[in-house]
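Read the structure below first, then the notes.
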Ligand SMILES: C[S@@+](CC[C@H](N)C(=O)[O-])C[C@H]1O[C@@H](n2cnc3c(N)ncnc32)[C@H](O)[C@@H]1O
């Protein structure tokens, strides 16, 4: 059974398409440019979710008339790629992935996602992202590393200190 993570609207789709374009361009530069290629690239998804999402637009209510005889209305929900999956599917990929997520049910989904991408180096961090990021940035060697940190919280979950 897939954990349903429903959030956002049309703007979410647009946001994720822009993220995908940005990450593709970033990794093309860090692969093609001999100077940039030296770096270990990190994609950090600080509010990673489950790796997929359902849109309120695809909720049973909006498809009710088409599937009125279906017993389990959850079946009609459509799953779309979330930011973590979009990042894992990149080619060329990042060298390292860090997915931070505080909801235990969601981290379980992230573990399943990680298992589907065996060739990617993925760390799942089941913690508060503010606390983790503020320590992580000091633990990194920025002479050899570069990172994209994607902050996609609900509401105001990002502390000023983190930014
Ligand atoms: C808007 S959703 C992220 C969606 C994700 N970017 C995607 O495209 O699928 C925000 C996520 O942040 C998680 N979250 C909320 N507060 C958090 C915190 N302090 N630390 C880590 N994760 C948190 C929630 O459980 C939720 O999964």
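Below are the figures for this structure:
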| item | result |
| --- | --- |
| Subset tally (residues that are in contact with a helix residue (DSSP H, G or I) (Cβ under 9 Å, 6 or more places away or on another chain) and exposed (fewer than 12 other Cβ atoms within 10 Å of the Cβ)) for region 107-123 | 1 |
| Residues that are farther than 23 Å from residue 124 by Cα and in a loop (DSSP other than H, G, I, E, B), drawn from region 7-45 | 8, 9, 33, 34, 35 |
| Odd one out for residue 5, checked against (1) within 16 Å of the ligand (Cβ to nearest atom); (2) at pLDDT below 95; (3) over 27 Å from residue 135 (Cβ atoms) | (3) |
| Within region 129-150, considering residues that are within 10 Å of the ligand (Cβ to nearest atom) and buried (at least 16 other Cβ atoms within 10 Å of the Cβ), the one nearest to residue 20 (Cα to Cα) | 150 |
| Single residue of 126, 104 found to be touching a helix residue (DSSP H, G or I) at 6+ places or on another chain (Cβ under 7 Å) and over 25 Å from residue 27 (Cα atoms) | 126 |
| Helices (runs of 4 or more DSSP H) completely within region 47-163 that count 1 or more residues being farther than 23 Å from residue 10 by Cα and modelled with pLDDT of 95 or more | 104-116, 129-139 |
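The values are calculated or read from the model by the stated rules, or taken from the named source; none is laboratory data. Everything numeric in this text was worked out from a predicted model, so none of it was measured. When we count neighbours, we look across all protein chains shown, and the Cβ atoms used for this are built from the backbone with ideal geometry, even at glycine.
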